Amino acid sequence: RMHGDLGARALELQYERAGGDAIVDTMVEGVIASDQRGRIITANPAARRLLGYAADAAMPDLRTLFRAKAARDAVSLVLAGHEVHDCEVDLDGRVVSLNARPLPRNGAVLVLHDLTDVRRLEAVRRDFVANVSHELKTPLTSIAGYADTLMDSNIDGETRQRFLTTIVNNARRMQRLVDDLLDLSRIESGRWTPRVEMVAVAVLVGEAWDAFRDSARARSVELEILVAPDAAQVAVDPVAFRQVVSNLFENAQRYVPEGGRIVCRSERVGDGVEVSIEDNGCGIAGEHLSRIFERFYRVDPARSRDEGGTGLGLAIVRHLVEAHGGYVDAESELQRGTVIRCWFPDARSETALPEGVSRT
């Protein structure tokens, strides 16, 4: 009976240990345990991934495991019997929070929490707040300055009219910026979903171009619409599609030279339709191309602000297209022009994106 009880107890302990090992192995945090000499007894998969060790690779002594001085100091403290809380260290470009505690029978256990994405998002938030503040401060300063000057009754009528025009233009610029921010927030938060229907590409493109027709005529800029027979219709939300094309037209108009040309193409690519806007403007340098869809990123900040750009147009384009399950990319060459392509999947299409394309 005693033998049977011991066997049952041993089996129970084995199950408990297996369950504990399974929990540790599935943890997002990296867990490392060592003996009193610093030799690593166990390291879960998350710790090995974080430190760059394969599942079957031997790991060095705990004292020599880390190159960062802050991490080595934390190891020395815990092996000396002291606890370490929230020690933030840089491990080969990744920000990691290290917590350590000595074990009751000597040895230590370390828990590593990867904070890289959290810190990156914090930096994005800080940059976003700084950019919004800057974009709002510029027109506000202009409005306040001209308004203060207008309070002087000795200003002649022509100057007064010029100042009032400047105030109105800056107020409208602020209104566009706020509207774009609200649109972007609504899309990113998931409060907006496209109401997809089959629409004629040429019709919606023409409607979007109407807003730019007069300014284009004044600068002798021409639009050419090329629609392939098998891509005459696209499954999109009509309002969102107009906004996408309008934003791309506005961007192209800003950089195309006088007498320039803008081409809108629609063609079938995979299980969807690709709509592209091409211009023969000044083009974009390669180092800027991968960032043009970021919020407030401008290739030519001074020119964009002078012409009323908010720096959010291409970011809105990307989010609207991706909300349809599509993708957007850009191709450009200095002094040759730029092409921005938007791919929209067919209605009810459950197939993957075209080969080599990622939604991210």
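The values are calculated or read from the model by the stated rules, or taken from the named source; none is laboratory data. Just so you know, these numbers come straight off a predicted model, no measurement behind them. We place every Cβ from the backbone using ideal geometry, glycine too, and count neighbours over all the protein chains shown. Accessible surface areas use protein heavy atoms only, side chains included; no ligands, DNA or RNA. Shrake-Rupley method; radii C 1.70, N 1.55, O 1.52, S 1.80 Å.
The table that follows gives values for the structure above.
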read-out	value
Spin-label model distance (nm) - residue 144 vs residue 127, 7 Å beyond Cα toward Cβ	2.8 nm
Entry for log10 I(q)/I(0) by the Debye sum over Cα atoms at q = 0.09, 0.15 Å⁻¹ (calculated from the structure that is shown) out of (1) -0.85, -1.15; (2) -0.62, -1.27; (3) -0.75, -1.21	(3)
Cleavage-rule hits (GluC sites (Glu not before Pro)) in the stretch 4-104: DSSP loop, at most 14 neighbouring Cβ within 10 angstrom	83
Which of 288, 113 is most accessible, then next, and so on - probe 1.4 Å	113, 288
Å² per residue, accessible surface of the chain at 1.4 Å	58 Å²
Ellipticity estimate at 222 nm from DSSP helix runs (n ≥ 4, -39,500 (n - 2.57)) divided over the chain, nearest 500	-15000 deg cm²/dmol
Contact order normalised by residue count of the stretch 45-182, Cα under 8 Å, 6+ apart, percent	13 percent
Carbon plus sulfur fraction of accessible area for the stretch 27-96, probe 1.4 Å, in percent	50 percent
The stretch 18-160, dipole about Cα centre (Lys/Arg Cβ +1, Asp/Glu Cβ -1), debye to the nearest 20	800 debye
Of all DSSP beta bridges in the chain, antiparallel share, percent nearest 5	90 percent
Amide proton proximity set for residue 333, modelled H, under 5 Å, gap of 5+	284
Given charges at beta-carbon only (K, R positive; D, E negative), |dipole| of the stretch 101-190 in Debye	520 debye
Approximate spin-label separation residue 41-residue 239, in nm, with each point projected 7 Å along Cα-to-Cβ	6.2 nm
For the stretch 171-212, fraction of C-alpha pairs farther apart than 15 Å, in %	66 percent
Environment charge of residue 226, counting only residues whose C-beta is closer than 15 Å and scoring Lys/Arg +1, Asp/Glu -1	-3
Gap separating the Cα centres of the stretch 180-224 and the stretch 236-275, nearest whole Å	8 Å
Label point distance in nm, residue 176-residue 73, each placed 7 Å from Cα along Cα→Cβ	5.2 nm
Per-peptide average of other Cβ atoms within 10 Å, ordering 333-343, 188-198 highest first	333-343, 188-198
